[in-house]
1. Please specify each residue of the stretch 287-306 satisfying the condition of being farther than 22 Å from Thr95 by Cβ and either open to solvent by 20 Å² or more (accessible area, probe 1.4 Å) or modelled with pLDDT under 95 (or both).
2. For the stretch 181-213, which positions are of a type outside the set (A, V, I, L, M, F, W, C), open to solvent by 40 Å² or more (accessible area, probe 1.4 Å) and over 20 Å from the mean Cα position of the chain (by Cα)?
3. Condition (residue is out of contact with any Asp or Glu (no Cβ under 7 Å at 6 or more places or on another chain), surrounded by 14 or more Cβ atoms within 10 Å (Cβ to Cβ) and of a type in the set (Gly, Ala, Ser)) applied to the stretch 234-246: is it met by at least one residue?
4. Hey, can you tell me all the residues within the stretch 359-384 that are in a helix (DSSP H, G or I), out of contact with any strand residue (DSSP E or B) (no Cβ under 8 Å at 6 or more places or on another chain) and in contact (Cβ under 8 Å) with a residue 40 or more places away in the chain?
5. Does the stretch 256-272 contain at least one residue that is surrounded by fewer than 15 Cβ atoms within 10 Å (Cβ to Cβ), modelled with pLDDT of 90 or more, more than 27 Å from the chain's Cα centre (by Cα) and charged (D, E, K, R)?
6. Can Gly172 be described as at pLDDT below 95, small (Gly, Ala, Ser) and open to solvent by less than 20 Å² (accessible area, probe 1.4 Å)?
7. Considering only the stretch 332-351, how many residues are touching a residue at least 60 places away in the same chain (Cβ under 8 Å), out of contact with any helix residue (DSSP H, G or I) (no Cβ under 6 Å at 6 or more places or on another chain) and crowded, with 18+ Cβ neighbours inside 10 Å?
Amino acid sequence: GAVSSTCRLVVSRMKRSLSSCVRLLLELHFLVSAGAMVSLHGRTTLRPIARAISSGLHEAPERPPNPHTLLSQHELQEKVEMLLDWLDNKKHILTITGAGLSTESGIPDYRGHNGSYHRGHKPMIHDQFMSSHQQRQRYWGRGMVGWRSFDTVQPNAGHYALATLENLGRIGVTFEDKLEYYSKEREMDWMFSSGDQKLSLITQNVDSLHRRAGSVHITELHGRTNAVKCMKCGARRDRVDFHDELEDLNHEWLQQALAEQDETTARPDGDAYVRSDDYSAVVIPPCTQCGGFMKPDVVFFGDSVPKHRVERCRGAVDVADGLLCVGSSLAVHSAFRFVRHAHKNGIPIAILNVGETRAETEGLNVVKIEAPVGPMLESTVSQLLLPNNDDKQGQEVASSY
């Protein structure tokens, strides 16, 4: 009983540690041989593709075309046919989504046609937040201006279309559950697992819009902005509650900042433009448990995605017979690693995005569909539902869609 379970846990941990060491050594050997830059805190980029943070990672790329004027209705239909052809005869499709999916909900992205990098925006870097009280004042000051509206944004047609595809069984994979798919705090959950994991969507977005649209089996690669976590004791707190206190403590500062706004303030991920650059008066509520400082429970630029999250996504890719990437330039390693992994394993890859992606830059074999994400997915789902009109499940899904 208990002894057997403990032995099982210990053996699994030993296997996981040995496997991780071997994988790390092999990756380091490959990267050094390829002339790569290796970051010891987990971010790895190839020299021809990415820039180090200190030398311009957040510089604006070439501006992609405007998705709203890119295609005629006839051209859009041709792109829909391309996606339908790619979807055909695939039973285990895994989907990766990025910020380009949420722009039609009113959330700015970084690298798109109207991306914030084109306006000189520089998002918070993990090490800056962790090491500087002044940077934390800046972050929470701008967050007071931007996060409330970000948190109330609603899903768009693209989110609902992906939820419908999951409901229809057209996307999603089932794979063997493993201990390494759990954080240390949740390792005991593995003991009571059914033995399988399910995953339909890997999203780089932190806006929770997939969940609001009805998608179920999701891994939020970079976390979600609706919670904050103490960096000293690990205590969590609902972000709405935290912002209530934050705004009470900084009422006068916030009113002055809002009064000075004279342009569109929204930035990605709940950030905002603030005309004044003086945040010295911003008071940040400490952790209610230990007095430490709070951080949104998300992965900032320069930080690493938790290892158990990466392993779970890699396990899902391994059993997929197709990888569909939606609304992402794939510029960031945290998601691109799964595209590269799929390519290495011969898994077909389709990319629905406006603008060139890292997969194309690196010469991977992909089906590229250059089209606006929301209308494409909406039209694709509508056509998939047509043959099911006489089927009860199809009618129910169609009516809810």
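The values are calculated or read from the model by the stated rules, or taken from the named source; none is laboratory data. These numbers were taken from a predicted model, which means no experiment stands behind them. No Cβ is skipped: glycine too gets one built from the backbone with ideal geometry, and neighbour counts run over all protein chains shown. When the accessible area is computed, the model is the full protein with side chains, heavy atoms only, and any ligands, DNA or RNA have been set aside. Shrake-Rupley method; radii C 1.70, N 1.55, O 1.52, S 1.80 Å.
1. Thr288, Gln289, Cys290, Gly291, Phe293, Pro296, Asp297, Phe300, Phe301, Gly302, Asp303, Ser304
2. Within the stretch 181-213, Lys184, Glu185, Arg186, Asp189, Ser194, Asp196 meet the criteria.
3. Within the stretch 234-246, one or more residues are out of contact with any Asp or Glu (no Cβ under 7 Å at 6 or more places or on another chain), surrounded by 14 or more Cβ atoms within 10 Å (Cβ to Cβ) and of a type in the set (Gly, Ala, Ser).
4. Across the stretch 359-384, the qualifying residues are Thr361, Gly374, Pro375, Glu378, Ser379, Thr380, Val381, Gln383, Leu384.
5. Within the stretch 256-272, not a single residue is surrounded by fewer than 15 Cβ atoms within 10 Å (Cβ to Cβ), modelled with pLDDT of 90 or more, more than 27 Å from the chain's Cα centre (by Cα) and charged (D, E, K, R).
6. No.
7. Residues that pass the stated criteria total 4.
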